[in-house]
1. Using each residue's phi in the stretch 93-101, evaluate 6.51 cos²θ - 1.76 cosθ + 1.60 at θ = phi - 60° and report the 3J(HN,Hα) Karplus result to the nearest Hz, with x for Gly and Pro.
2. Relative to the Cα centre, what is the charge dipole magnitude of the chain, using +1 at the beta carbon of each Lys and Arg, -1 at the beta carbon of each Asp and Glu, and rounding to the nearest 20 debye?
3. Counting only helical runs of four or more DSSP H residues, what would the 222 nm mean residue ellipticity of the chain come to if each run contributes -39,500 (n - 2.57) and the total is spread over all its residues?
4. Residues with beta-carbon under 15 Å from that of residue 477, excluding residue 477: net charge, scoring Lys, Arg +1 and Asp, Glu -1?
5. Which of 629, 62, 115 sits closest to the plus end of the dipole of the chain, meaning its Cα is farthest towards the positive end, when Lys and Arg get +1 and Asp and Glu get -1 on the C-beta?
6. At 0.36 nm per residue, and after removing the present C-alpha to C-alpha distance, how many nm does the segment from residue 496 to residue 213 gain when stretched out fully?
7. Per-residue HN-Hα couplings for the stretch 690-699, Karplus 6.51 cos²θ - 1.76 cosθ + 1.60 at θ = phi - 60°, whole Hz, x for Gly and Pro?
8. May I ask for the distance between the Cα centers of the stretch 166-188 and the stretch 546-577, given as a whole number of Å?
Amino acid sequence: MGATTHANSLRGWKKLAINLALCAACVALNYLGSSIATAFGLPLYLDCIGTIVAGACGGYIPGLVVGYFTNLVTSLSDPSSVYWCFNSVLIGIVAAFFQRRGLLSKLYTVPLCILCFALIGGGLGSVITYALYGAFAGGVSTPLALQILEATGMGDFTSQLCADMIIDLVDKSIATLVAIVIIQLVRNKIEELLDFSIWRQTPLEGQQRAEAKKTPTRGLSLRTKIASIIIVVMVIIAVVTTSISFMMFNRANIDTQSKMGAGIVELASEKINPNRIDKYIELGESMPGYSETERALAHIRDSFPDVKYIYVYQIEEDGCHVVFDPDTPEAAGNNPGDVIPFDPSFNPYIGDLLAGNPIEPVVSNDSYGYLLTIYEPLYDKNGNCTCYVAVDISMEQLAQDGYAFLIRVLILFAAFLIVICGIVLWLAEYSIIMPINSMAKASDSFAFDSKSGRDHGLEQLHNLDIRTGDEVENMYRAVTKMSEDTVQFIADSAEKAATIERMQDNLIMVMADLVESRDQHTGDHVRKTAAYTRVILEEMRREDMYSDVITDEFIENVVKSAPLHDVGKITVSDSILNKPGRLTDDEFRIMQGHTIAGKQILEDATGAMSDAGYLAEAQLLATYHHEKWNGAGYPYGLAGEDIPLSARVMAVADVFDALVSKRSYKEGMPIEKALGIIRDDAGVHFDPQVAQAFLNAEDEVRRIAGEHGDDQGTASDIRDEAAAD
């Protein structure tokens, strides 16, 4: 079995290698389609043909692998294409879903498939493009989007979305049709090789595989728990990593902008004479050189697109006194000497500003917008800080860059999450879930009630031959060993039980023979009555009499207990038991007492056992087998169905055998006459249905009687039916 698993494992790895090669071919097919579209200047993409083929032919894993790696490969020449890997992965998964439900092979459902692919590629792709770059970002759909905007007057995003959907409907129609042709050409030829599986046990096929996948559970399935754990862990990693990356990205951008701002401040400082600040404030534009300095500052500001404001303040207790504040295209600047209150963002730095100390760059978001402010002190010839040169750099673009960065990271993580979940679940499917479900299925179907069932169950377990090499394999071997031990224990127990049962049967027959031998009888009576009871009960079952009572177990219990019906005779003295003449009334009463004595003996025997078994039925036989249907019997004078069924059956068997058997006080009666007596006493002495079943089985009755030589006697009345047996 180990060699078989090893061979299966090798075949599995070989099949896996073939599937990986097919995935590589599908990635190349995507790249080829994209290259053709680019080379001919087509307003199409043609980069998902291989993804659809992989998903349709190989299933979910090949579909998402090809979709993901296609964009990784194309990103080598076009780095931005990596951000659309999420779309490609979804197309691969959806293609696998459609193929499994036969939608790609039906003419009337193919348009629906194309529409879904277009919604993923065009609709979702348009949303991602707009989030990253805004509308009209220069892709293949931009010219059409501009035409739609001009013709309809719709918004930028709506125009872009419509253009992307139109182009993608054409693109996905071509891609889907080409993929369907390829699928039809290759699927029938290499379908077996496209089973993307790596079994760690004997492979399951068809119904077995379906049942192993759909094993019901009381709570969440292991597959769901694994997927949930992966998703939770990946989301936590994504949140933490994205947050850290986003903060580092913003910090790096702020540092870069701060360095640029420091350079601009230094450049502006060269235009200002710190020794003349008070004059600038006092005289303003009337002071010689003031206007030239202000224009120089404005020129510096306009030379850097991200610089929104450049100004010079003198810091006093009452606020910021304006020295220079060049006008901007949006608004006029403040006049020299104007006092500007401190922005709340600068409250932590007021002490340093009043002391003329440098301060770190300040990020604020107030009435002037989202700004990064750089303050640089200027000192006069005596080393006193006379003013601060300030530059406000707009952070709007930085915020947009941060937002776009966040979107990129989330898209990459979403695609990576799907790929990782798919691969991990695929590995778990064949290394954990399938082996465990297979073991559970084999254990559930294990039938311990028969040798063939036990052998079949063990064979099923052995045939699984799970070889995961980990705790799952340990569990499999433990379950198999436990099952083997259990089966062996049951076999040993069954053998011992059979031995004990044979011993019990033999002991019963010995005890019955001892009782009968005191009656100067060979012991054939107990065997013949047992045989007759079986004949009667089986005939009654064939004729559907008392079907709710007569079962296999009931028949066996009655037949086994039949030899004990006269066990009470052990208490009757030999002088009465073997008296050749007619019994007196007192002797007859003593003889009748064997029924109560038998009941007591068997009650004592039954009470000593934890499982009474057929001794409970033997007690009924011993007590009531002399009761009569009309109520004239003994010991209790029961009538009709108040008499236990087993005792009514024994009454017929017992009387018939007493009639045809030779006794010390009589010869055996011919069978025809004995059968006539049974027939005549039906409804009087005997249950009519029991008597009729006995008569209906006459051939079998004659056979049993003949085997014991009971068909040779002459007619003779028995001395007393009540005591004859």
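Here, each number is a calculation from the coordinates, and none is a lab measurement. Model, not experiment: these values are computed from the prediction. In this analysis, Cβ positions are derived from the backbone assuming ideal geometry, glycine residues included, and neighbour counts consider all displayed protein chains.
1. Once θ is set to phi - 60°, the couplings for the stretch 93-101 become 5, 5, 4, 5, 4, 5, 5, 5, 9 Hz.
2. 2080 debye
3. Counting only the DSSP helices, I get -20000 deg cm²/dmol.
4. Its environment carries a net charge of -3.
5. 62
6. Working it through step by step, the gained length comes to 97.8 nm.
7. Going residue by residue, I get 5, 4, 5, 4, 5, 5, 5, 9, 4, 4 Hz, with x marking Gly and Pro.
8. Between the Cα centre of the stretch 166-188 and that of the stretch 546-577, the gap is 83 Å.
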